[in-house]
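Enquirer: Provided herewith is a single structure, encoded as structure tokens, for subsequent inquiry.
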Amino acid sequence: GMMFCVAMCQNGELSQEQKNAINKLTADIQLAPDFSLPAINDSVYILSKLRGKVVILNFWATWCGPCRLEIPDFNELYSKHKDDGLEILGISISDPKKALKNFTKSYRVDYPLLFDSPRNMDKITRKYGGVYAVPTSYIIGRKGNIIASYPGAIIKGQYMYSDFIEKINMALREKI
């Protein structure tokens, strides 16, 4: 969307029609693909029903070391901001429910853990452009728009982490 705008915006004012076209274009590109997934506590999460919240989608797996390293920071973030409208969804790309439940006996995870059959998980990750490595995280704004994506572990003290926190704080401040 941005490149398209830059080229046109330099020649003075845009007509309302052009603005609408740009808005439609960027809205289409940016909207997070919807999904419905079961959680290990038997509730079901539907992304579009979380409009109005800032949502972090964290694609991960229990066998992935760097994924496990993110959990304490995510727990902290969740307890700090859940009352401001932050939701974190840990979406396991390959674990069945039983493996996730066992995992939570030895690892504290404060936010919902979602799972599904390999077939459905494949469909969802494909909608997100293919999640080729775990962890991969997305920040979704209150309007359901994808704000940023982060391939790799988001660990405190790294550049990516400060960018991540900055984007979340920005998203939380946004009024609908």
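The values are calculated or read from the model by the stated rules, or taken from the named source; none is laboratory data. Quick caveat: nothing in here was measured; it's all calculated off a predicted structure. Neighbour counts are summed over all protein chains in view; Cβ atoms, including those assigned to glycine, are modelled from backbone coordinates with ideal geometry. When the accessible area is computed, the model is the full protein with side chains, heavy atoms only, and any ligands, DNA or RNA have been set aside. Shrake-Rupley method; radii C 1.70, N 1.55, O 1.52, S 1.80 Å.
Enquirer: Mind telling me which of the residues Phe74, Phe35, Phe59 ends up being farther than 23 Å from Asn102 by Cβ, modelled with pLDDT of 95 or more, of a type outside the set (A, V, I, L, M) and within 14 Å of the chain's Cα centre (by Cα)?
Expert: Criteria check complete, one pass: Phe35.
Enquirer: Scan the range 67-103 residue by residue and report those that are closer than 18 Å to Val44 by Cα and among the β-branched types (Val, Ile, Thr).
Expert: Residues satisfying the conditions are Ile88, Ile91, Ile93.
Enquirer: Can you list residue pairs whose Cβ atoms sit under 7 Å apart, with the first residue in the range 101-116 being without any contact (Cβ under 8 Å) to a residue 40 or more places away in the chain and the second being of a type in the set (Phe, Trp, Tyr)? Count only pairs 6 or more apart in sequence or on different chains.
Expert: Pairs found: Asp110/Tyr78; Tyr111/Phe74; Tyr111/Tyr78.
Enquirer: Name the residue, out of Leu69, Leu37, Leu89, Leu57, that is in contact with a Pro (Cβ under 6 Å, 6 or more places away or on another chain), on the phi < 0 side of the Ramachandran plot and either open to solvent by 60 Å² or more (accessible area, probe 1.4 Å) or part of a strand (DSSP E or B) (or both). Can you show your working first?
Expert: Details: Leu69 fails: in contact with a Pro (Cβ under 6 Å, 6 or more places away or on another chain); Leu37 fails: in contact with a Pro (Cβ under 6 Å, 6 or more places away or on another chain); Leu57 fails: in contact with a Pro (Cβ under 6 Å, 6 or more places away or on another chain).
Of Leu69, Leu37, Leu89, Leu57, the one residue that is in contact with a Pro (Cβ under 6 Å, 6 or more places away or on another chain), on the phi < 0 side of the Ramachandran plot and either open to solvent by 60 Å² or more (accessible area, probe 1.4 Å) or part of a strand (DSSP E or B) (or both) is Leu89.
Enquirer: Among the residues of the range 40-54, what is the count of those that are out of contact with any helix residue (DSSP H, G or I) (no Cβ under 8 Å at 6 or more places or on another chain) and not in a helix (DSSP H, G or I)?
Expert: 9
Enquirer: Restrict the check to the range 114-133 and report whether at least one residue is aromatic (Phe, Trp, Tyr), within 13 Å of the chain's Cα centre (by Cα) and within 13 Å of Ile56 (Cα to Cα).
Expert: Our first condition is that a residue be aromatic (Phe, Trp, Tyr); within the range 114-133, this holds for 115, 128, 132.
Adding the requirement that they be within 13 Å of the chain's Cα centre (by Cα) leaves 128.
With within 13 Å of Ile56 (Cα to Cα) added as a condition, the list becomes none.
No.
Enquirer: Now for a different question. When you scan the range 93-142, how many residues do you find that are within 21 Å of Asp163 (Cβ to Cβ) and touching a helix residue (DSSP H, G or I) at 6+ places or on another chain (Cβ under 9 Å)? Don't jump to the end; show me each part of the working.
Expert: Our first condition is that a residue be within 21 Å of Asp163 (Cβ to Cβ); within the range 93-142, this holds for 111, 128-129, 131-142.
Adding the requirement that they be touching a helix residue (DSSP H, G or I) at 6+ places or on another chain (Cβ under 9 Å) leaves 111, 131-132, 134-137, 139-142.
Looking only at that region, the number is 11.
Enquirer: Would you check if Arg51 is under 24 Å from Gly129 (Cβ atoms) and open to solvent by 10 Å² or more (accessible area, probe 1.4 Å)?
Expert: When the stated conditions are applied, Arg51 passes them.
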